1. Over the chain, what relative contact order in percent results from Cα pairs under 8 Å that are six or more residues apart?
2. Say each of residue 364 and residue 139 gets a label point 7 Å from the Cα, pointing the same way as Cα to Cβ; how far apart are those two points in nm?
3. Order the peptides 145-154, 125-134, 442-451, 168-177 from the highest to the lowest mean number of other Cβ atoms within 10 Å of their residues.
4. What Rg and what Dmax come out for the range 13-157 when only alpha-carbon atoms are used, in angstroms?
5. If you take every residue apart from residue 47 with its C-beta less than 11 Å away from the C-beta of residue 47, what net charge results, scoring Lys and Arg +1 and Asp and Glu -1?
6. Can you compute the charge dipole magnitude of the range 114-210 about its Cα centre, using +1 on each Lys and Arg Cβ and -1 on each Asp and Glu Cβ, nothing else charged? Give it in debye, rounded to the nearest 20.
7. Among DSSP bridges having both ends in the range 338-480, what percentage is antiparallel? Round to the nearest 5.
8. Could you compute the net charge surrounding residue 154? Neighbours are other residues with a C-beta less than 15 Å from the C-beta of residue 154; K and R count +1, D and E count -1.
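Read-outs: derived from the displayed coordinates by stated rules, not from any lab. Predicted, not measured: the structure shown is a model, and the values here were computed from it. All Cβ positions, even for glycine, are placed from backbone atoms using ideal geometry, and neighbour counts span all protein chains on display.
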Amino acid sequence: MKTTVEHQPIEQIAADALIIPVLEGRKEERFGAADLFDSGEVTGKIFELTLIHHPPGVAAARVLLIGAGKPAEFDAAQLRKVAGAAVRHLKSKSCQNVALALEPEWAAANFVSAAVEGAVLGQYEPDQYKTGNEKTALESFRVATGAADAEDAAERGRILGEAQNFTRALVNEPANRLVPADIVAAARQMATEFHLECEVLDREHMKALGMGALLGVAQGSAEPPALIVLRYRPEKPAGAAHLGLVGKGVTFDTGGISIKPSDGMEKMKYDMAGGAAMLGAMRALAQLKPAIPVSAFVPCVENMPGSRAQRPGDIVTTMSGKTVEVINTDAEGRLILADAITYARRQGCTHLVDAATLTGAIVVALGHLRVGLFANQDAMRDRVLAAADAAGERMWPMPLDADYKDYLKSAFADLPNVGGRWGGAVTAAMFLKEFAEDTPWVHLDIAGTAWLDDSKPFLAKGATGLPLRTMVRLAMEWKE
Ligand code: BES
Ligand code: ZN
Ligand code: ZN
């Protein structure tokens with residue numbers, strides 16, 4: 001879908017459909033819509049859809065009035081959803097060229113970006129394996145606005161939207177079509193296209209580095225593991241910060257020997273959502289060019305049972321030197337992240353964020369609406385919370401008091417890989433904290449938020465792309 005800016009007056013825009021966001025309580029008099037208001041058919045309620053054919057006074061074949069909700073609640077984040085919902089509706093009506101009209105009061109650059117980003121997100125559908133259906137896709141999406149610098153803003157929206165769709169497409173891939181080697185191939189291709197440095201550590205390299213925890217998880221699968229490293233370097237780095245983005249890349253989580261129940265196991269293909277989000281963030285950053293260096297580290301494995309699989313009770317030695325007793329092979333994410341975090345620190349990262357579909361317990365605690373955020377430093381926590389807020393990705397700070405460490409006791413090794421019955425999301429984060437050591441670090445548990453069970457008006461069912469937007473904001477707005 002081509003995205004552009006349109007400076008013509010909206011009456012003159014030739015399109016299959018012209019999208020007009022309508023706020024509650026504001027009567028639309030144009031396009032013959034006054035009667036629809038008076039009759040109560042159009043109210044402006046969020047995502048309300050009214051399609052007018054042959055609207056009077058405009059060149060477009062149709063006008064789509066889309067409810068934008070209460071004026072007090074309307075902002076760029078809301079516009080992103082409105083644009084997405086309009087696009088999702090119109091592509092089902094075989095419209096190909098559409099334009100969205102921004103009111104003069106929404107002329108700020110962030111509105112232009114949000115409209116384009118929302119349209120790109122709304123356009124994506126995980127239907128590539130459905131045969132027989134006619135594929136619907138928009139050819140073009142134009143934002144009609146008088147805003148200055150609208151072209152640059154639209155471009156930023158496109159970059160962010162496409163990066164999220166890249167992530168979503170990876171996450172939605174089934175595990176037979178996306179093994180660790182396939183994530184590697186996707187990362188390499190993306191790195192070449194956007195001029196990022198890409199290095200991939202294989203099993204031998206991991207052995208030499210002593211990554212016993214990552215290798216322990218990988219040993220049950222016929223698919224070899226990989227640690228993907230992507231590097232973005234600014235021409236003139238500002239300051240000494242070097243941001244490291246670490247993402248869990250389990251292409252399928254059966255649980256291993258501590259096998260999961262089969263009911264719902266098909267969803268465990270999204271256990272690489274954290275890794276895919278970090279790759280997508282790098283894709284966007286390579287184009288948006290932040291002032292600080294950013295590296296991504298994505299450990300990729302398949303967690304399988306089998307005759308070579310690690311067993312409960314096995315003791316592995318991590319790259320940090322700490323030993324871990326594997327009590328439950330289904331708590332594999334923290335094992336692979338432990339070695340990836342240590343590696344990121346040794347690569348010179350001064351600040352770290354990891355994203356992982358780490359625990360079912362975070363879903364119990366926060367449901368599907370907010371990401372669980374854990375941090376070992378208040379300043380780093382506040383940076384990420386501010387970025388999340390600006391990016392419109394909801395997060396919530398969770399505790400990491402020192403005495404939660406008492407929940408992690410092993411008789412035979414330095415640490416067990418699970419705590420007891422309670423506070424499962426906290427003990428998982430507490431485990432990771434041991435490996436972040438004194439590096440300012442934030443852990444994002446996205447088990448509840450990386451996947452949508454039912455589509456929204458503005459977003460297809462499946463992968464959401466979280467927390468990509470927050471990572472991009474964090475890097476772009478970094479201040480010493
Ligand atoms: N990948 C799962 C966590 C998960 C659960 C992600 C639900 C998405 C939805 C993780 O590897 C896991 O299995 N965690 C265990 C930990 C337990 C064994 C301590 C869990 O949450 O049950
Ligand atoms: Zn697991
Ligand atoms: Zn997992």
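1. Rounded, it is 15 percent for the chain.
2. Each label point is offset 7 Å from its Cα along the Cβ direction, giving 5.4 nm.
3. 442-451, 168-177, 145-154, 125-134
4. Expressed in Å, the Cα Rg and Dmax of the range 13-157 come to 14.9, 45.
5. After counting each charged neighbour, the total is +3.
6. Once rounded to the nearest 20, the dipole reads 340 debye.
7. 45
8. -2
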